[in-house]
Every structure is written in structure tokens, then in C-alpha cells.
Amino acid sequence: MTLTAVEVEAVIRAGVPMAEDIGFTVDEAREDGFARTRLVFSERLIRPGGTLSGPVQMALADASMYAAVMAAIGQVEMAVTSNLSINFLHKPAPDDLIGEARVLRMGRRLAFCEVRLLSGQENEEKLVAHVTGSYALPYNRN
């Protein structure tokens, strides 16, 4: 059973309390393995130079992959990140950071994902990081 954006966000916030602390939300979740997520901008998340820190961007990418996996196959709380690779392309604007995650391939034990991190106003979003990764899926999932 797949999950809605509201359900995915609730599962993530319950299992990873830090998600609420950093302002993580799920704007959209589709059963085709897509999730659009958001990290609400906060001055607490910036690093010297006035940009969002790398660990914050990686956290959004990781949570976005998790959201896309759950959107596709349902509540799999024990799915865990097995690989994450990020390429930082541009300095994010002092604005919300958007994650667009897609499951590229869903196997029995691994889900392979891609995430585009975007920054800026809605019609002027700029690609600031490209992420690929995989999630190890529990053996006894439904």
C-alpha cells in the first residue's frame, strides 16, 4: 500500500525527530516513486559564507529518497540508506531548499534513487545539487 505526502511526512517525522527540527516537509508523493520535499529556510542552517551547509543539503536528499521509496511501496520504516553520492553544483539561495526524488529502479532488496536539489523562487528554481543513492529494503517487507 502506497502512502500520501501527509502520511510519508508523518512516518519520517515520527521515526527521525530531527526532520521536524530542520523544517522538513513533503509537498508531494506519488506511487510511481516520486516525492517533492522541502526544507524550510532558517538562519540556523547556514554556514559561513551565507549558504545552506552541506550536511543540511545531504539530510534533505536522504529524506527525499526515503519519501520516494515509501511513496512507491508503502511504510518501510526499516529501509536504510546504503549509498549516497552528492555533487554540489551551485550555492543555494537563502530560501527554501526543494528536493525532487525519483526511484529509478526498485529491486527486491535495493531501491536506486536520484534527487535534484533546487533553490530559489518557484518559477526560477536553480539546480544546486545532484544526488544519487540507494536504500536497502527490509527482507520481509509486504
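The values are calculated or read from the model by the stated rules, or taken from the named source; none is laboratory data. Because the structure is a prediction, the values reported are computed rather than measured. Ideal geometry is used to build each Cβ from the backbone, glycine not excepted, and the neighbour counts take in all protein chains shown. Only protein heavy atoms, including side chains, enter the accessible area calculation; ligands, DNA and RNA are left aside. Shrake-Rupley method; radii C 1.70, N 1.55, O 1.52, S 1.80 Å.
Could you grab the pairs with beta carbons closer than 6 Å, sequence gap of 6+ or different chains, first residue in segment 54-67 and more than 14 Å from S82 (Cα to Cα), second one surrounded by fewer than 24 Cβ atoms within 10 Å (Cβ to Cβ) and not β-branched (V, I, T)?
Short answer, once both residue conditions are applied: V56/L45; Q57/A129.
Evaluate segment 41-57: report whether one residue or more is among the acidic types (D, E), more than 17 Å from V16 (Cβ to Cβ) and touching a Phe, Trp or Tyr at 6+ places or on another chain (Cβ under 9 Å).
No, segment 41-57 contains no residue that is among the acidic types (D, E), more than 17 Å from V16 (Cβ to Cβ) and touching a Phe, Trp or Tyr at 6+ places or on another chain (Cβ under 9 Å).
How many of the residues in segment 14-34 are touching a helix residue (DSSP H, G or I) at 6+ places or on another chain (Cβ under 8 Å) and either within 25 Å of R105 (Cα to Cα) or among the aromatic types (F, W, Y) (or both)?
12
Looking at segment 76-96, which of the residues that are open to solvent by less than 60 Å² (accessible area, probe 1.4 Å) and of a type in the set (S, T, N, Q) is nearest to E7 (Cα to Cα)?
Among residues in segment 76-96 that are open to solvent by less than 60 Å² (accessible area, probe 1.4 Å) and of a type in the set (S, T, N, Q), the one nearest to E7 (Cα to Cα) is T81.
Check P94 against each of (1) part of a loop (DSSP other than H, G, I, E, B); (2) touching a Leu at 6+ places or on another chain (Cβ under 7 Å) and name the one condition it does not meet.
(2)
Check Q75 against each of (1) at pLDDT 90 or above; (2) not in a loop (DSSP other than H, G, I, E, B) and name the one condition it does not meet.
Going through the list (1) at pLDDT 90 or above; (2) not in a loop (DSSP other than H, G, I, E, B), Q75 breaks only (2).
Filter segment 9-26 for residues that are touching a residue at least 40 places away in the same chain (Cβ under 8 Å) and more than 11 Å from the chain's Cα centre (by Cα); which is farthest from F112 (Cα to Cα)?
Within segment 9-26, the match that is farthest from F112 (Cα to Cα) is M18.
Go through segment 47-59 and give me each residue that's crowded, with 17+ Cβ neighbours inside 10 Å and not in a strand (DSSP E or B).
Within segment 47-59, V56, Q57, M58, A59 meet the criteria.
Does G54 qualify as being closer than 24 Å to P138 by Cα and more than 11 Å from the chain's Cα centre (by Cα)?
So G54 fails the test.
Which of the following residues is closer than 28 Å to V76 by Cα, at pLDDT 95 or above, among the acidic types (D, E) and crowded, with 21+ Cβ neighbours inside 10 Å: D27, D62, D32?
None of the others qualify; the one that does is D62.
Out of the residues in segment 103-126 meeting the condition of being out of contact with any helix residue (DSSP H, G or I) (no Cβ under 9 Å at 6 or more places or on another chain) and open to solvent by less than 50 Å² (accessible area, probe 1.4 Å), tell me which one is farthest from T51 (Cα to Cα).
G107
Going by the structure shown, is E100 assigned to a strand (DSSP E or B), of a type outside the set (G, A, S) and in contact (Cβ under 8 Å) with a residue 24 or more places away in the chain?
yes
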